[in-house]
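Undergrad: Dropping a structure here in structure tokens format, bear with me for questions.
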Amino acid sequence: MKSLSNIDFSKLSLLDSIIISSQAIREDFPAHCVLSELQNRIKEAKSYVSSEYEPSKKLEKLLKLFYIHWNFGSANGIYKLSDVIWIDNVLKTRKGTAVSLGVLFLHIAQELQLPLNPVVFPTQLILRADWINEKKWLINPFNGDILDKHTLEVWLKGNISPTAELYENDLYKSESITVICKMLNTLKSALMEEKNMELALNVTNLLLHINPNDPYEIRDRGLIYAHLECNHVALTDLIYFVEHCPDDPVSEIIKIQIHSIEQKKNILH
């Protein structure tokens, strides 16, 4: 994994942050190809919307271009979750998650000077367009649909809790670092599920660069080290989690894992 010691994510655009993160995780990440492909898309998009003057009309045309003509959208059938998160792969296949599709669409829209921002909603990333003297638009990055508040309330009740309510701050603009962490956490879970532990470890180390003392990230790093049979460092991380989150229900399971690792160490000695 490349060193990130001199990287300040707060000074980078969302896209640049994700490209640098991807390069840090994957040695083969083709940053130059991604930027070149996006430049071509931006050029085509500028031409496609050039006949419109109102920002809302430009955004309507851009949604049509991205989701209908270019055919970006959600993946169907059997696929690896990590494949729909890596933005180089999403540009090739045109299939992604709300975050990966949202990041690409957002970058193109911002290059067209459209007032679009990310919102890390409790269930998924959505995009928010704010118009002067007009009602804001909330966009589903999976398909480009305009969302109403009733739909968002249904999402909350179906995914969070039947008693969940929609609050105004659920729709506030999210900082780039929040979006990056959302994307990295989803990628880490996917890689762990796919048993690609070396790359998952790189993602965890990147998340710990952003938030060095997060006990949940340290726990996940410990679980990855345990899978890689690096038992000494695994124990250090897992014990750290149990000490800092003793009331977390998962702590009891982690204690069992710690005991199992300690037994292995005793047998080896």
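The values are calculated or read from the model by the stated rules, or taken from the named source; none is laboratory data. These numbers come from a predicted model, not from an experiment. As a convention, Cβ positions derive from the backbone with ideal geometry for all residues, glycine included, and neighbour counts pool all protein chains shown. Please note that ligands, DNA and RNA were not included when accessible areas were found on the heavy atoms of the full protein model with its side chains. Shrake-Rupley method; radii C 1.70, N 1.55, O 1.52, S 1.80 Å.
Undergrad: Can you work out the accessible area per residue across the chain, with the rest of the protein chains kept in place, probe 1.4 Å, in square angstrom?
TA: Heavy-atom accessible area per residue stands at 54 Å².
Undergrad: Which order do peptides 160-167, 47-54, 216-223 fall in by mean Cβ count within 10 Å, highest first?
TA: 216-223, 47-54, 160-167
Undergrad: Let me check I've understood the local charge: for residue 87, count other residues with C-beta under 13 angstrom from its C-beta, Lys and Arg +1, Asp and Glu -1. What total comes out?
TA: So the environment of residue 87 carries a net charge of +1.
Undergrad: Still on this model: Packing-wise, with mean Cβ within 10 Å as the measure, how do 28-41, 178-191 rank, highest first?
TA: Values: 28-41: 13.9, 178-191: 21.0.
Listed from highest to lowest mean packing, they are 178-191, 28-41.
Undergrad: Based on the alpha-carbon gyration tensor of the chain and its eigenvalue square roots a ≥ b ≥ c, which shape applies: rounded if a/c is under 1.5, prolate if not and a/b is larger than b/c, or oblate?
TA: Judged from the Cα gyration tensor, the chain comes out prolate (a/c at least 1.5, a/b above b/c).
Undergrad: Please work out whether the range 40-145 counts as rounded, prolate or oblate from its C-alpha gyration tensor, where a ≥ b ≥ c are the square roots of the eigenvalues and a/c under 1.5 means rounded, while otherwise a/b larger than b/c means prolate and anything else oblate?
TA: Values: a/c = 2.25, a/b = 1.41, b/c = 1.59.
Cα axes put the range 40-145 in the oblate bin.
Undergrad: Where the accessible area of the chain is counted over protein heavy atoms with a 1.4 Å probe, how much of it, in %, is carbon and sulfur? Can you show the working numbers first?
TA: Working: 7320 of 14390 Å².
Carbon and sulfur together cover 51 percent of it.
Undergrad: Along the charge dipole of the chain, Cβ charges K/R +1 and D/E -1, which of 185, 109, 230 sits furthest on the positive end?
TA: Result: 109, furthest along the dipole toward the positive end.
Undergrad: What order do you get for 224-236, 102-114 when each peptide is scored by the mean count of other beta carbon atoms within 10 Å, highest first?
TA: 102-114, 224-236
Undergrad: Indicate the gyration tensor shape class of the range 104-185 (rounded, prolate or oblate), computed on the Cα atoms with a ≥ b ≥ c the square roots of the eigenvalues: a/c under 1.5 is rounded; otherwise a/b larger than b/c is prolate and the rest oblate.
TA: In terms of gyration-tensor shape, oblate.
Undergrad: Rounding to the nearest 20 debye, state how big the charge dipole of the chain is about its Cα centre with +1 on each Lys and Arg Cβ and -1 on each Asp and Glu Cβ.
TA: 720 debye
Undergrad: With +1 assigned to the C-beta of every Lys and Arg and -1 to the C-beta of every Asp and Glu, and no other charges, what is the dipole magnitude of the range 122-261 about the Cα centre in debye, to the nearest 20?
TA: The dipole of the range 122-261 has a size of about 220 debye.
Undergrad: For the range 131-238, what log10 I(q)/I(0) values come out of the Debye formula at q = 0.12, 0.14, 0.17, 0.21 1/Å, with one point per alpha carbon and no solvent?
TA: Rounded to two decimals, the profile gives -0.61, -0.76, -0.92, -1.08.
Undergrad: Show which lysines lie in cross-link reach of residue 264 when reach means a straight Cα distance below 18 angstrom and same-chain residues fewer than eight apart are skipped.
TA: 255
Undergrad: Whole Å is fine, so just give me how far the alpha carbon centre of the range 162-204 lies from that of the range 58-79.
TA: Rounded to whole Å, the Cα centres lie 22 Å apart.
Undergrad: So between residue 8 and residue 26, what do we pick up on full extension, going 0.36 nm a residue minus the alpha carbon distance?
TA: 4.6 nm
Undergrad: Aspartates and glutamates within cross-link reach of residue 61: Cα-Cα under 16 Å, excluding same-chain residues under 8 positions apart?
TA: In chain and number order, the partners are 44, 52, 111, 145.
Undergrad: Looking at the range 28-79 from every direction and averaging, what is the projected area of its Cα convex hull in nm²?
TA: Working: hull surface 20.0 nm².
Mean shadow area of the hull around the Cα atoms is 5.0 nm².
Undergrad: Rounded to the nearest 20 Debye, what is the dipole magnitude of the range 209-269 about its Cα centre when Lys and Arg each give +1 and Asp and Glu each give -1 at the C-beta?
TA: Charge dipole of the range 209-269: 280 debye, to the nearest 20.
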